Amino acid sequence: MDFLETKVLVIEDQEMIRDIVVSTLRAIGFRRIRTAGDGQAGLRAVMDDRPEIILCDITMDRMDGFQFVEAMLRAGYSGEKRIPTVFLTAHATAEFVARAKQLQIDSYVIKPVKKDVLEARIKHVLSHRPVSA
């Protein structure tokens, strides 16, 4: 799978982790990567230049990952317009997983992010996204 032209949005509040994720994405082959430091900035980035996949931290100040996805759904990014989303998190509790499933999150990647795991999850998510009309 060629990721060269795939637009990715990384929403992560910790700069060091955001940099690691971006470096990992570049090592996988992504070149069109945009970042945001919280859910509010992530929403602006989506409205400005719609990504093809979103990698989003859950625990962030101002607007966490769950609130971000809820805001995306309220803004009309559902059904055919839904953008595949992968949560990056250190939290894999039953409560977090249940809430993510309710919001139709496509996948989880547990931090620290490992290249092979991230690549496999992204490939799976992008290969299973519905074809839009």
TODO: Considering Cα pairs under 8 angstrom that are at least six residues apart, work out the relative contact order of the chain and quote it in whole percent.
DONE: 22
Open item on the list: Counting just the Cα atoms, what span does the chain cover along each of its three principal axes? Round to the nearest Å and put the largest first.
Closed with: 37, 32, 27
Open item on the list: Suppose only helical runs count, i.e. DSSP H with n ≥ 4. What mean residue ellipticity at 222 nm does that imply for the chain under -39500 (n - 2.57) per run, divided by all residues and rounded to the nearest 500 deg cm²/dmol?
Closed with: -13000 deg cm²/dmol
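All of the numbers you see were taken from the coordinates with simple rules; none came from a lab. Since this is a predicted model, take the numbers as computed values, not measurements.
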